[in-house]
1. Identify all residues within region 19-59 that are in contact with a helix residue (DSSP H, G or I) (Cβ under 9 Å, 6 or more places away or on another chain), in a helix (DSSP H, G or I) and either at positive phi or at pLDDT 85 or above (or both); write none if there are none.
2. I need the full set of residues from region 136-185 which are open to solvent by 50 Å² or more (accessible area, probe 1.4 Å), of a type in the set (D, E, K, R) and closer than 20 Å to W79 by Cβ, in order please.
3. Which ones in region 102-132 are in a loop (DSSP other than H, G, I, E, B) and exposed (fewer than 13 other Cβ atoms within 10 Å of the Cβ)?
4. Considering only region 95-104, I want to know if a residue exists there that is more than 16 Å from T130 (Cα to Cα), among the hydrophobic types (A, V, I, L, M, F, W, C) and either in contact with a Pro (Cβ under 8 Å, 6 or more places away or on another chain) or at pLDDT 95 or above (or both).
5. Please verify whether R63 is at pLDDT 90 or above, outside any strand (DSSP E or B) and not aliphatic (A, V, I, L, M), treating the condition exactly as stated.
Amino acid sequence: IRGHLQHGWSEAYGLSLPPRLVSWLPKFVYSDANVAACVERGVHPVIPLGDPFCYLLRSRGDRPTAPTPSTIVYPLHGWEQDDIVGSHDALIRAIRDREQLPVTVCLYWREFDQPDVRRRYEAAGFRVITHGYRDDPLCTLRQSDGLSARPRAVPNRAATALWRGALMGLETEIYGPVFSILGDE
């Protein structure tokens, strides 16, 4: 598309690039709240269109029945400009207290590429995957497939995977230690 598309759910600004880098492009965001945050920053033009995931689901048809009773966990992730702050070990303990194996943990590519982070989840007996980089055209398809294969989705903070899992009819729950992103954005 000719424009900058919001990558994931956000209760505020929602765009992953600083306004000055995309000033001439139309910005496509999820909601009126995102539009208001953009306007407050002087960002325009801004067009609300909802989560593109909704259109993907409509084009793909009905969700298949999950083949195994497993949970997919989405720890809050950082992004290309900022890492997260939080205890992966505390999240692993929370998952072990609440879920039955098998459990799949989906890390963003940055955390997936950090062997220490990935190995912690693997050592706990969890399968560890990534949907890839946000600009990878197959990232959203991988998330759709990953959610389709399971009856339950769990993030540790309100995030894109929570809303998308609920939209697909999965049981959803938020629990575990709160992670946060280091930077101001």
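1. Scanning region 19-59 gives C38, P52, F53, C54, L56, L57.
2. Hits for region 136-185 are R142, R157, D184, E185.
3. The answer is D113, G125.
4. Yes, there is a match, as at least one residue in region 95-104 is more than 16 Å from T130 (Cα to Cα), among the hydrophobic types (A, V, I, L, M, F, W, C) and either in contact with a Pro (Cβ under 8 Å, 6 or more places away or on another chain) or at pLDDT 95 or above (or both).
5. Against the criterion (at pLDDT 90 or above, outside any strand (DSSP E or B) and not aliphatic (A, V, I, L, M)), R63 does not qualify.
The values are calculated or read from the model by the stated rules, or taken from the named source; none is laboratory data. Please read all numbers here as calculations on a predicted model, not as lab measurements. Here Cβ is always computed from backbone atoms with ideal geometry, including for glycine, and neighbour counts include all displayed protein chains. In case anyone asks, the SASA skips ligands and DNA or RNA and just uses the protein heavy atoms, side chains included. Shrake-Rupley method; radii C 1.70, N 1.55, O 1.52, S 1.80 Å.
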